[in-house]
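This report refers to the structure that appears directly beneath it.
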Amino acid sequence: MAILKKAIYLWLVRCMSWLAHFKTSTRVIYLMSFADNLDFIRELNQRVPGRLTVYYQPSAATGAAQLVAEGIATQPFHDSMQFALTGVPVLTQATDIYVDNYFAFTAGLKRRSGQRLIQLWHAGGAVKAFGWGDPQTKQRTPEDQRRFQQVYDHITDYVVGSRKMGQVFAESYQVPMSRMRVLGYPRSDRYRQAPWVKTTQAAIYAQYPEFRDTEVILYAPTYRAGVTFELPTDFGELNLAPNQRLVIKLHPHLADQAEKLRQQYPQLVTLVPDFTTDELLTVTNTLISDYSSVIFDYALLPNCQKMVFYVFDWQSYQVDVGLQADFEQWAPGPFVKTTSELNRELAAPAKPLKLTAFNELWNTRNDGQATKRTLAYFYQK
């Protein structure tokens with residue numbers, strides 16, 4: 001039944017898009033599922049005054065409220081009959097469409113010659129496999145696989161921060177490298193801008209003054225499918241030095257589970273719900289990650305001292321989700337699978353990270369000027 005509903009919905013999108021494609025507009029559309037690229041949207045709105053509308057999903061409602069307060073046109077949306085009838089024609093007639101994620105319905109859009117569908121991905125690099133690299137993709141139905149490829153093929157421009165990321169998209173989506181625009185990852189600009197870093201640090205220290213004289217260890221594991229996260233049974237054996245503070249930051253959808261972890265390990269876990277992961281990176285001395293793209297952001301900050309990859313579910317994750325084949329070759333830190341190994345790494349003094357090679361590979365053009373460069377590329381005066 002679910003497959004049939006998807007097919008019917010995509011058919012409706014195709015019909016509405018075909019009926020609408022005979023007319024054109026100068027409208028620019030931004031499809032927003034993550035509310036962490038607002039600075040770029042603000043700059044885009046200035047570059048195309050009066051032409052931009054941000055269509056946002058419920059997950060980005062908070063960010064959309066900020067844009068509304070600044071006079072930027074927004075419109076809530078989700079896959080529905082109403083969106084197919086009223087939203088799809090607007091997108092079809094638009095000059096440019098920006099996407100920050102995979103939107104299945106775009107497979108049914110009738111794209112005109114000259115219309116641009118521009119991807120601004122929600123991560124600066126890739127650890128996990130996706131697209132055709134995801135082991136689950138090969139288990140999907142032929143119809144699903146065709147729809148996936150139609151979405152990939154519709155994208156005319158992939159904005160990336162490095163040739164490496166461009167290669168990942170080209171291979172994962174089976175699209176040509178000629179569509180990759182190595183302009184920089186706009187969301188990364190803030191990490192290269194000293195005023196934003198200092199202002200953010202000051203705000204955090206004002207609310208958590210104990211962080212000033214503490215080694216802040218941020219544990220930011222990747223989001224796992226199924227909306228669950230469980231630590232290994234030996235996590236209670238974690239040893240922290242008196243000057244170390246462990247802050248756990250789970251996906252926003254897992255706030256309840258984060259609180260359970262704090263209650264389970266009250267002597268170990270600190271929660272900081274009023275600041276985002278992006279913001280907490282500015283006061284982090286040691287980052288514990290696993291397969292999260294947060295490592296690409298942290299590597300841009302001057303306070304980046306140590307990274308540890310806590311991959312206690314390494315085998316199962318490779319089978320179920322998949323990882324970039326060369327992950328172990330370029331990861332800028334040790335891999336640990338047990339809490340005792342994690343204790344050893346946390347107790348060891350920080351060593352110089354191989355960030356130069358890492359950033360040359362993944363953050364090539366993430367120099368704080370990505371937004372300016374991207375807008376100049378698409379809207380040359």
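The values are calculated or read from the model by the stated rules, or taken from the named source; none is laboratory data. Predicted model, so just to flag it, every value in this text is computed and none were measured. Please note: Cβ atoms are built from the backbone with ideal geometry, for glycine as well, and neighbour counts cover all protein chains shown. Calculation scope for accessible area: heavy atoms of the full protein, side chains included, ligands and nucleic acids excluded. Shrake-Rupley method; radii C 1.70, N 1.55, O 1.52, S 1.80 Å.
Relative to the Cα centre, what is the charge dipole magnitude of region 193-363, using +1 at the beta carbon of each Lys and Arg, -1 at the beta carbon of each Asp and Glu, and rounding to the nearest 20 debye? Working shown, then result.
On the way: 12 positive and 20 negative charges, 74 e Å.
It comes to approximately 360 debye.
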Gain in length, R262 to K372, computed as 0.36 nm per residue apart minus the alpha-carbon separation, to one decimal in nm? 35.5 nm
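Assuming R0 = 45 Å, what is the FRET efficiency of T24 and A194, from their Cβ-Cβ distance, to the nearest 0.05?
Numbers: r = 43 Å, r/R0 = 0.95.
That gives a FRET efficiency of 0.55.
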For V319, what accessible area in Å² do you get when you roll a 1.4 Å probe over the heavy atoms of the protein chains, rounding to the nearest 10? 100
Between [x] 31, 59, 10, 0; [y] 24, 48, 24, 5, 0; [z] 26, 57, 17, 0, which entry matches P(r) over Cα pairs in 20 Å bins from 0, in percent as derived from the coordinates of this structure? [z]
Output row, site T62, 7 Å Cα→C-beta label point, backbone N cut-off 17 Å, window region 234-263, residues 248-259
Taking a crude spin-label model, label points 7 Å out from Cα along the C-beta direction, the Q46 to Y223 distance in nm is 3.0
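Taking all pairs of different Cα atoms in region 193-363, averaging 1/r and flipping that mean, what Kirkwood radius in angstroms comes out?
Values: mean 1/r = 0.0599 Å⁻¹.
Hydrodynamic radius (Kirkwood, Cα only) of region 193-363 equals 16.7 Å.
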Positive end of the charge dipole of the chain (Lys, Arg +1 and Asp, Glu -1 on Cβ, about the Cα centre): tell me which of Y185, H21, A206 has its Cα farthest that way. H21
Using the Cα centre as the reference, give the magnitude of the dipole from point charges on the C-beta atoms of the chain (Lys, Arg: +1; Asp, Glu: -1; all else neutral), rounded to the nearest 20 debye. 1660
Computed about the Cα centre, the charge dipole of region 197-275 from +1 Lys/Arg and -1 Asp/Glu charges at the Cβ has a magnitude in debye, to the nearest 20, of 240
Through the Karplus equation 6.51 cos²θ - 1.76 cosθ + 1.60, θ set to phi - 60°, convert the phi angles of region 360-371 into ³J(HN,Hα) values in whole Hz; use x for Gly and Pro. 5, 7, 10, 10, 3, 10, 8, 10, x, 10, 5, 4
